[in-house]
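Reading through the structure tokens given below for one structure.
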Amino acid sequence: MKEDFYYQQARSKGYRSRASFKLLQINNKFSIFRKDQTIIDLGASPGGWTQVASHLIGGNGKVIAIDKSYISPFKEKNIEILNKDILNRNLPTIILESYGKADGLISDCSPNITGDFSRDHSIQISLARRALALTQYLLKDDGFFICKLFQGSELQEFMKEMKEYFEKTKLHKPAASRKKSAEIYVVGLKYNDRKDSSKETEKSE
Ligand SMILES: C[S@@+](CC[C@H](N)C(=O)[O-])C[C@H]1O[C@@H](n2cnc3c(N)ncnc32)[C@H](O)[C@@H]1O
């Protein structure tokens with residue numbers, strides 16, 4: 001079975017999760033990551049995406065891996081761990097003060113699945129909206145955004161919101177994502193904060 005294949009591959013390559021292959025496949029399709037970039041990874045635990053991002057950007061780049069759950073330390077020197085909830089209002093300030101703006105913000109955040117699809121979808125969308133809101137504080141111009149969503153009633157509305165900030169937006173389900181799972185990934189390229197002036201009050205939190 002496919003899940004066994006990616007699970008085994010992750011083990012043999014030393015990745016912490018089979019999710020690593022989703023990010024690799026997204027990058028293979030869209031050629032997003034570059035050497036020396038700064039990347040913010042939301043919902044990073046156990047750390048498969050963080051490892052992939054770390055390797056793609058190389059030793060002169062930096063990945064800031066953030067999760068409300070514990071993330072065990074990495075051997076890679078270009079990774080910083082922040083044990084924080086992404087809903088924490090101070091998160092933008094904490095990141096900006098220590099690291100400045102990033103070239104890419106990636107989010108694989110998801111709730112604990114309850115099996116109640118509309119509830120899970122709604123929590124997932126609110127996590128994705130928080131991640132999108134964080135791009136407005138934390139992304140450099142021309143930066144990129146990769147974010148997990150569940151396919152459902154709010155997906156198209158979310159894509160409309162993405163289009164306000166990114167010149168190019170794509171939806172992609174990588175082969176490593178289980179077919180029966182509703183998850184899908186949105187990719188935003190070339191961040192451009194056209195709404196800047198109207199957001200000043202919102203930004204002063
Ligand atoms: C599917 S896992 C991420 C897997 C990870 N990308 C990897 O490759 O190993 C989803 C993560 O989102 C995190 N998460 C969910 N809600 C969060 C929140 N409000 N703040 C921070 N992390 C959150 C969970 O703790 C969980 O570790």
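Distance between Cα centroids, region 167-185 to region 112-163: provide it in whole Å. Cα centres, region 167-185 to region 112-163: 13 Å. The alpha carbons of the chain occupy a box of 50, 41, 30 Å along the principal axes, longest dimension given first.
Just add up the charged neighbours of Gly58: K/R +1, D/E -1, any other residue whose Cβ is under 12 Å from the Cβ of Gly58. Don't jump to the answer; show the numbers that get you there.
Values: positive: Arg34, Lys35, Lys62, Lys77; negative: Asp36, Glu76.
Overall, the nearby charge balance is +2.
Here the residues Cys147, Cys109, ranked from fewest to most Cβ neighbours within 10 Å of their Cβ, fall in the order Cys109, Cys147. In terms of surrounding Cβ atoms within a 10 Å radius of their Cβ, Tyr137, Tyr191 rank from fewest to most as Tyr137, Tyr191.
The share of alpha-carbon pairs in region 46-115 lying farther apart than 18 Å comes to 40%.
Under the Kirkwood approximation applied to all pairs of distinct alpha-carbon atoms, what is the hydrodynamic radius of region 82-137 in Å?
Working: mean 1/r = 0.0800 Å⁻¹.
Hydrodynamic radius (Kirkwood, Cα pairs) of region 82-137 is 12.5 Å.
Of the chymotrypsin sites (Phe, Trp or Tyr not before Pro) found in region 41-129, the ones in coil according to DSSP and having at most 10 other Cβ atoms within 10 Å of their Cβ are Tyr70. Among the trypsin sites (Lys or Arg not before Pro) found in region 1-52, those both in a DSSP coil and sparsely packed, with 16 or fewer other Cβ atoms within 10 Å of their Cβ, are Arg34, Lys35. Remark on region 1-71: Rg and Dmax equal 12.2, 38 Å (Cα only). Going by neighbour counts of Cβ atoms within 10 Å, the residues Val63, Val52, Val186 line up, fewest first, as Val186, Val52, Val63. Taking 7 Å steps out from each Cα toward its Cβ at Gln8 and Thr114 produces label points 3.8 nm apart. Pick from Phe21, Phe144, Phe30 the residue whose mean-square fluctuation is largest in a GNM of the chain, springs joining Cα atoms under 10 Å. Looking only at Phe21, Phe144, Phe30, the largest GNM fluctuation is found for Phe30. I need the calculated FRET efficiency for the pair Lys101 and Lys29, taking r as the beta carbon distance and R₀ as 22 Å, to the nearest 0.05. Efficiency at R0 = 22 Å is approximately 0.30. Computed over neighbours whose Cβ is under 12 Å from that of Glu183, the net charge equals +4, Lys and Arg +1, Asp and Glu -1. Pairs spanning more than 24 Å between alpha-carbon atoms, out of Lys160/Lys190; Lys29/Lys62; Lys148/Lys170; Lys35/Lys180: Lys35/Lys180.
Only the coordinates and a few stated rules stand behind these numbers; no lab work does. What you are looking at is a predicted structure, and each value in this text was computed from that prediction instead of being measured. Glycine gets a Cβ as well: all are built from the backbone with ideal geometry, and neighbour counts include every protein chain shown.
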